[in-house]
1. Separation of the range B:97-163 and the range B:32-83 by C-alpha centroid, Å?
2. Hey, with R₀ at 56 Å, roughly what FRET efficiency would residue A:153 and residue B:116 work out to, going by the Cβ-Cβ distance, to 0.05?
3. Roughly speaking, what is the stretch gain from residue B:97 to residue B:135, that is 0.36 nm per residue apart minus the C-alpha to C-alpha distance, in nm to one decimal?
4. With charges set only on the Cβ (+1 for Lys and Arg, -1 for Asp and Glu), what does the dipole of the range A:45-175 come to about its Cα centre, in debye to the nearest 20?
5. Number of Lys-Lys pairs in the range A:281-361 under 16 Å by Cα, sequence gap 8 or more or different chains?
6. Roughly how many debye, to the nearest 20, is the charge dipole of chain A about its Cα centre, given +1 on each Lys and Arg Cβ, -1 on each Asp and Glu Cβ, and no other charges?
7. Using Cα atoms only, what is the angle between the long axis of helix B:149-161 and the major principal axis of chain B, expressed in degrees (0 to 90) to the nearest 10?
8. Okay, which of the range A:65-83 sit inside 18 Å, backbone N to the point 7 Å along the Cα-Cβ direction of residue A:93?
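We did not get these values from a lab; they are worked out from the coordinates using the rules stated. It should be emphasised that the depicted structure is a prediction, and the values quoted were computed from it without experimental measurement. When we count neighbours, we look across all protein chains shown, and the Cβ atoms used for this are built from the backbone with ideal geometry, even at glycine.
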Amino acid sequence: MTRLFVARTFILLALGAAQLPAANAGVLPEERTDLLYHRYSGDEVTVSGPSLLVRKQTSTNTSVFFNYYIDNISSASIDVRTSGASRYIEERTEQTLGVDYLHGKTTMGFAYTDSAENDYEATSYHFNLSQDFFGDLTTLSMGYSKGSDTIRQTGNPTYLQFADKQSYRLGLSQIITRNFTMGVGYETITDEGSLRNPYRVYSYCNPESTCAARGFAAEIYPNTRTSNALSVRGSYFLPYRAALHGEYKVFNDSWDISATTMSLGYTQPISDFIIDLRYRLYSQTKAEFYNDLFNRVDEFNFLGRDKELSTFDSVSFGTTISYEIAKSGWWIFEKGSLNLSWDHIEFTYKDFRDVPAGRLLGSAPGTEPLFAFGADVIQLFVSLWY
Amino acid sequence: MNIIRIATFGILLFTGLHASALEVGQAAPDIALSSIDGKNIRLKELRGQVVLVNFWASWCGPCRQEMPLLEDMYKKYSKLGFTILGVNVEQDNSKAKAYLRDVTVTFPILLDPQNIASKLYNVEAMPTTAIVDRNGKIRYVHLGYKAGYEETYKKQIKELVKE
Amino acid sequence: MKAMLAIIVCVLTLGMTGCGIQPWVKPYERQNLADPIMNPNRDGVSASYIHHVHETRESSRGAGSVSGGGCGCN
């Protein structure tokens, strides 16, 4: 009886397997080249430069890409102005080389990135795996990244620190109807090593009793950090040919920071143009060891005054206009597009104060106006497909 | 014991609920659609010829890659009693018509906006290619397209035109 | 024991046959989903740049729909 059952089971399983569609529908990313000029300006910081991406399919199953990116930085940010230092100029170059391999319904991707500036070098490896199943309605993806950073300090040749980062990703995307797709993503990141910025300082009351002035001392950060992020997104196709996009993300970490991001997008093609509109809301609560003004030096084991760890909101809206070029092909290119985009971001800090403005107003430490600034991001790029 | 019987019956029932996949050796389901030129074309009327039925869409990258190669095959083998039926599966075929203005093909393009033929042929991948012999039987089925598939198609067409 | 085996066999076969449910959006019905406007990150270089602009000024990181690269920004 048992033998017969087992035999029957195998036959049924075999029949079941034979009915799985042998369809091979995985597709590699499109071959294309993009040349982008980017420019960020806000808080007396300007970062601009080019980004070049070239992607080519080297065989039926393999696609290779290369990205070359430069940030030209000119900064007199709030931290620089608070410390009284002068504007600094810096250049960061980042290069990425990657390969994607398609086998049946599985895509494997591997990339290597190297980022270098005069006092910071970061190298990272990325691995991604994605699998289509259930009639290609569902895609499951997994990823792992490992990064190693080397941190130096200009003007202090003996300063040498390291930081390592590992990230684990899991994602699922699902076709819901012929007009609607949704996706869920989860990522956990752990950092270990020197996680502070060697130039940044925290502030304390000096003297503690009267708090007549702000004193400054080098930040002390924990040497580990673990964070988790979960996102849900959806895209909906509107019958008159337009698309609605939405994303909601929650974040928390071992530094007690929690954040939420909500973004909405609308894409509208109009003859040879495509218009994108975006809106994004972000809010976060401060890290446990963050304070704009500590009571005394070395008040706690960990002390930081990085505004990125403070409690703040940001609201951003933006638009992109794309114009289709070379519609019937040009030279080796099948089609192309010319694109211009502008984003405006308003940052409003709830517990980070504008010390330079306070100095002008003669504010007592801890009563300076709360910091806020607006930034503009411009992108101009051309894309060519072949 | 009873549980096993129920389980087995349940499994058989569920596997039976599957629409049957396109099987080699089965009679090719008849297709009666109008072509892009307005003519009515019927697969049954092409009995005696080897017919390659290709389901494609303008939004499908591999389908677009395959098109010029199918055109080459059509030009090469049509004198030997071979034809191609390019069945466009788009519900709105304006994009297909625009595509065909840029990429000319001489074999018949049929329009299946209501997906009658796609359902009959259980199209589970884009593109899907079925090669039908002179007796109207499906001899080969290919799901998807990757570079190199056209060599297999040519081999199979050559084999079938000899019959 | 036999019941367990039966259930496992059921689940496995159901799983392999997609729970007896057919994919409800056929490959030839994917016209709208394949439209590039349905991809919020259709221009990867631009999407990853904006993602980078946000990530370097916020504490939140990860689970973005844009694949990340390394960045050693202070």
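1. 6
2. According to the calculation, E is roughly 0.20.
3. Numbers: separation 38, 0.36 × 38 = 13.68 nm, distance 3.18 nm.
Length difference between fully extended and current span is 10.5 nm.
4. Working: 10 positive and 14 negative charges, 41 e Å.
Roughly 200 debye, rounded to the nearest 20.
5. Details: A:286/A:307; A:286/A:350; A:307/A:350; A:327/A:335.
Going through the range A:281-361 pair by pair, I get 4.
6. Dipole of chain A, to the nearest 20 debye: 1120 debye.
7. Roughly 90 degrees, rounded to the nearest 10.
8. The answer is A:66-74.
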